[in-house]
Each structure stands twice: as structure tokens, then as C-alpha cells.
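The values are calculated or read from the model by the stated rules, or taken from the named source; none is laboratory data. Please read these numbers as outputs of a predicted model, since none were measured by experiment. With ideal geometry, Cβ positions are generated from the backbone for all residues, glycine too; neighbour counts draw on all protein chains shown.
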Amino acid sequence: MKLTEDDIARVCRLVDELAGIQWDASKAYLIESRLPSLLRDHQCADLTDLVSKVRTNFNPQIRADFVDAITTRETLFFRDESPFEALRHKALPEIIDAKSQSTWARRLRLWSAACSSGQEPYSLGIVLRELIDDIDNWDVQILATDLSTAALASASKGVYSDFEMSRGIDPRRRDKYFHKVAGGWKICDEVRSMVSFAQRNLLQPFTNIGPFDVIFCRNVAIYFEMPVKKDLFERLAGALTQNGALFVGSSESLSGFGMRWKALHHCRSIFYQPNRESLGPVASVAATSPIARPTAAPPPSRPVTTPAASAKSAATSPTASTKPFAPTKPLATTARTPPAATPRPFAAAAPASTMKR
Ligand SMILES: C[S@@+](CC[C@H](N)C(=O)[O-])C[C@H]1O[C@@H](n2cnc3c(N)ncnc32)[C@H](O)[C@@H]1O
């Protein structure tokens, strides 16, 4: 593929518009390696034709394929380990203790905000199962979102190759939480049913989701430019519960964002809590963002198409955990509320003593 400066500029602009991902001429090799198959598959005469077809969105599949092509979905189970240790030994016990006297004592909401092929939300599910003895009696939901439909489809399937398993899953966890299937290892129903998947673009306002006790937004903001990053973390602060914790990637830091965030150092890791006094209410944070792109901007979020099943509801819905993420609508459909993230009341209060610390 022979690239002109204009080609590169056009593609980079579109990548930014759709995903906030910053490409420049140094990423020409990505254009050359990732886009030729799209030209072929969608009978585009050249890159100008491809860009125009993606932008006009008459064929939503081209846009979905383009987004899949531009996103880097590198991930692994228990990535960097220490954040999951800090979650297990510090953040979650404190969150659970803090809410132990409240109406929501046994309710937990987690968000894996750029979940890629699912290793991160399933790692979160495993941590919860290992921390809380009677987890099946809790109202737990892990919302896992990503922009890429390919990532979500594979995450929802929950089947991992030997190589993927070797990156973060030891034999004890493999035998406990996975079973052998053709083509790899499938996550067990008990963990799968804790997670619901939805397409969400982090550039867009977080309407109708949250608040969350824990947000993992790791290794995605590195691709965004500073004002977008800043706006994203501002909105994430508004999507957290009172004692909620935000985990970012090990090469990411919120130290440049002034007093908005408190950094908490535990288990050789850092997680963040918003400085509440410097924040407005959740809704206003989401609504007043000067940067977040309106829902009408491409590509909008789509509703959850996988079960919003808690571990408890899985017991009464055996098929829930096997339903695949199935994009049924074009990307241009309007965002709806993902049921997984809708706060639900929970009746019984529980002693925090069910935790294994
Ligand atoms: C490198 S992976 C990180 C996966 C996981 N969080 C981890 O740390 O292992 C980055 C993910 O961000 C997703 N992504 C990129 N831009 C996005 C956006 N604007 N909104 C939502 N997800 C996005 C990509 O599709 C990809 O799956």
C-alpha cells in the first residue's frame, strides 16, 4: 500500500474522531498493516474511499471493522498482578466495610472500562470469588465495556488458548475457574455470569451507568491526548461511589490532575479515590463535560446484549452465562441503559466477616 501524507492525515483524523486514539505519521506502519484487508473486504477503491465510507456510516459493518482494526487489544489475566492484590487486600475490604451498615451492604458494582477480550473483568470476578466466601448471596455485577465489537465478542465467549491462559492463570486457578473445550479453556459459569458486556465509547458521556465501587480503566487512556484524558478521569470520578476506587495502568498516573484525586499506595500498586470536596454531583460531572463527545458522534454505545446476571441470578438462569455478545444493531443505534449497571436495591445486610482477607 502506497501512502500519501493526505492519506495518513485523513486516517489519523478519523481514528481520533471515532476512538480518541492519537495516531500520526509515525503510525503509518499500522495503516499499512491493518487497513489493506478492510479495503479488500469492503471493496474500497483506496483509503479515501474507505475513510469516506466509514465516516458516512451507511454500512455500519465497515465502521465496526475499522474500529476493530485500529484498536490495540493487548491484555492478560491479572495484568501487573499488584493492582489485583491491592484490590483484594485493601480497596475491596474497605469498600465492603464502609457500606456494611448501609442498605447496600452486599451490593458491589465494578466496571472494567476497556475490557478488551475479557481477561480483566474475569480476573475481577475471580478476585471477588476468592475474597468473599458467600459471594453467591451477594448482588454483584461487573460491567465490562469496550469500543471494539471483536473484543467484546471474544470476551463474551470466554474461551482462551493455552497461550492466553499461560499469561496470568496458574494451574490451580485454571482447574478451578475454567474447563477444557475445543480450542482452549472456557471460563466457568460462576464467573461468567458475574460479568455483562456492552459496547461503550469512553469518549461519550457515561449516561445511565454507575455509580461503581471499583473502576478499572487501564491501558486505554494512554492512547488519548491530554485534554481527553483529563476529561475522562473527571467523568470517572463522578461515576464512583463515595468510597469507590479507580485503578489505572501501571504506566499511567493521575498525579498531573491536581487535587482531584488521592493516590493510595498498597501492595506495590497505586489506586485512586476522588477528592470529594473538589467534585460536583455525579450527574453534573457527566453532563457538563466540555470534551466528552455527544452520543450522536460516531460510534455510539450500544445496549448490553449479554446477560446482566449476578452470581445469584445465574443459579436460576442456567443459560444466562452462555449467551454470546451478539451485536444485533448497527453501530448507529442510540445508546440505552446497560442493565448491568443499573443500581438495584438489596434487602439484607450482611456481616463483613464473610471476607477472606
Ligand atoms: C490495551 S487494551 C487494555 C485492556 C485492559 N484494560 C488491560 O489493561 O489489559 C485497550 C482497549 O481499549 C479499547 N478502546 C480503545 N479506545 C476506546 C474508546 N474510545 N472507548 C472504549 N474502549 C476503547 C480497545 O478496544 C482495547 O480493547
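Since Pro36 meets every condition but one in (1) within 27 Å of the chain's Cα centre (by Cα); (2) within 22 Å of Gln61 (Cα to Cα), which condition does it not meet?
Against the list (1) within 27 Å of the chain's Cα centre (by Cα); (2) within 22 Å of Gln61 (Cα to Cα), Pro36 comes up short only on (1).
Those residues that are hydrophobic (A, V, I, L, M, F, W, C) and without any contact (Cβ under 8 Å) to a residue 24 or more places away in the chain, I need them from region 1-29; list them, please.
The answer is Ile8, Ala9, Cys12, Ala25.
Take the residues in region 38-78 that are crowded, with 18+ Cβ neighbours inside 10 Å and β-branched (Val, Ile, Thr); name whichever of them is farthest from Met1 (Cα to Cα).
Thr75
Pairs needed: first member in region 192-206, farther than 27 Å from Glu17 by Cα; second member anywhere, more than 8 Å from the ligand (Cβ to nearest atom) and part of a loop (DSSP other than H, G, I, E, B); C-beta distance under 7 Å; at least 6 residues apart or different chains.
The qualifying pairs are Arg192/Gly158; Ser193/Pro307; Ser193/Ala309; Met194/Ser310.
A quick yes/no check of all residues on (1) outside any loop (DSSP other than H, G, I, E, B); (2) within 15 Å of the ligand (Cβ to nearest atom); (3) not charged (D, E, K, R):
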residue: Gln61; (1), (2), (3): yes, no, yes
residue: Ala64; (1), (2), (3): yes, yes, yes
residue: Arg109; (1), (2), (3): yes, no, no
residue: Ser117; (1), (2), (3): no, yes, yes
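Does Arg10 meet the test of being over 28 Å from Arg200 (Cβ atoms), at pLDDT 95 or above and either more than 16 Å from the ligand (Cβ to nearest atom) or under 26 Å from the mean Cα position of the chain (by Cα) (or both)?
no
For region 132-207, which fully contained strands (runs of 3 or more DSSP E) count at least 2 residues that are within 16 Å of the ligand (Cβ to nearest atom)?
Answer list for region 132-207: 139-146, 195-199.
Of (1) more than 18 Å from Cys217 (Cβ to Cβ); (2) within 16 Å of the ligand (Cβ to nearest atom); (3) touching a helix residue (DSSP H, G or I) at 6+ places or on another chain (Cβ under 6 Å); (4) of a type outside the set (A, V, I, L, M, F, W, C), Thr75 satisfies all except one. Which?
Exception for Thr75: condition (1).
Taking only region 222-231 into account, find how many residues are touching a residue at least 12 places away in the same chain (Cβ under 8 Å), under 26 Å from Ser123 (Cα atoms) and more than 9 Å from the ligand (Cβ to nearest atom).
Total satisfying the criteria: 0.
So which residues in region 89-104 are farther than 12 Å from Asn243 by Cα and either of a type in the set (Ser, Thr, Tyr) or buried (at least 20 other Cβ atoms within 10 Å of the Cβ) (or both)?
Ser100, Ser102, Thr103
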